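Colleague: The following block contains the structure, expressed as structure tokens.
Throughout, read-outs are computed from the coordinates displayed, never taken from laboratory work. No experiment lies behind these values; they were computed from the predicted model shown. Here the Cβ positions follow ideal geometry from the backbone for every residue, glycine too, while neighbour counts run over all protein chains shown.
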Amino acid sequence: MNFGQKVKIKDVCLLVEDIERTVDFYVNKLGFKMRRRAEGFADFHNDGVILAAWELGHINAHTGVSNRTSPRGAHKVCIAVELGSPDEVDGYYKSLTASGVPFYGEPADYIWNARCAYFTDPDDTLWELYAWLDGGPGDYHEEHAK
């Protein structure tokens, strides 16, 4: 059985230090709507993959998973959001910056043929807003991976 070819990723769960701080950021700064809220846990409505947050102390107490945190500024995951146009990247950059979302810099065009902007949440989860430039992502085929 080839696990990677058989399963469908449905949820991304961020492991966070403070669930209240996380909920405040995702609801009040990014505009997510709450789907479920429980002790140490929250998830949010989304049109794609379900985004959830689970407090490290809570998951540790119930499952034994480590509650060890990463040093500030260390990134272990990047959540990428594809937008419809480079102008949308610029628009979201402006509106989110006005809401207090901390970006690494202004949107820019990168060598992988996309316009991107990067920000972090309170637990240093890295987010990428991107849109393909003319020509799209290029012509990639599985035989190139060999």
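Colleague: Any idea which of Pro71, Ile50, Gln5 is furthest toward the positive side of the dipole for the stretch 1-110, if Lys and Arg beta-carbons carry +1 and Asp and Glu beta-carbons -1?
Modeller: Final value for the positive-end residue is Gln5.
Colleague: Note down the relative contact order for the chain as a percent, whole number, built from C-alpha pairs under 8 angstrom at least six residues apart.
Modeller: Once normalised by length, the contact order is 20 percent.
Colleague: Does the stretch 70-146 classify as rounded, prolate or oblate by the C-alpha gyration tensor (a ≥ b ≥ c root eigenvalues; a/c under 1.5 gives rounded; else a/b over b/c gives prolate, otherwise oblate)?
Modeller: oblate
Colleague: Applying a 10 Å radius around every beta-carbon, put 115-128, 86-99 in order of their mean neighbour count, most first. List each step's numbers first, then the result.
Modeller: Details: 115-128: 18.4, 86-99: 15.6.
Listed from highest to lowest mean packing, they are 115-128, 86-99.
Colleague: To the nearest 500 deg cm²/dmol, what mean residue ellipticity at 222 nm is calculated for the chain from DSSP H runs of n ≥ 4 alone, each contributing -39,500 (n - 2.57), summed and divided by the residues?
Modeller: Computed mean residue ellipticity for the chain: -5500 deg cm²/dmol.
Colleague: Please name whichever of Ser95, Thr120, Gly84 sits farthest to the positive end of the charge dipole of the chain, dipole taken about the Cα centre and charges placed at Cβ: Lys and Arg +1, Asp and Glu -1.
Modeller: Thr120
Colleague: Once you order the gyration tensor axes a ≥ b ≥ c over the Cα atoms, which shape class does the chain get: rounded for a/c under 1.5, otherwise prolate or oblate by comparing a/b with b/c?
Modeller: Values: a/c = 1.94, a/b = 1.28, b/c = 1.52.
Since a/c reaches 1.5 but b/c is at least a/b, the shape of the chain is classed as oblate.
Colleague: Averaged across orientations, what area in nm² does the convex hull of the alpha carbons in the stretch 1-69 project?
Modeller: Convex hull of Cα atoms, orientation-averaged projection: 5.9 nm².
Colleague: Could you size up the charge dipole of the stretch 1-69 around its Cα centre, putting +1 on the beta carbon of Lys and Arg and -1 on that of Asp and Glu, and report it in debye to the nearest 20?
Modeller: It works out to roughly 320 debye.
Colleague: Charges only on Cβ, +1 for Lys and Arg, -1 for Asp and Glu: so what's the dipole of the chain about the Cα centre, in debye to the nearest 20?
Modeller: For this selection, approximately 540 debye.
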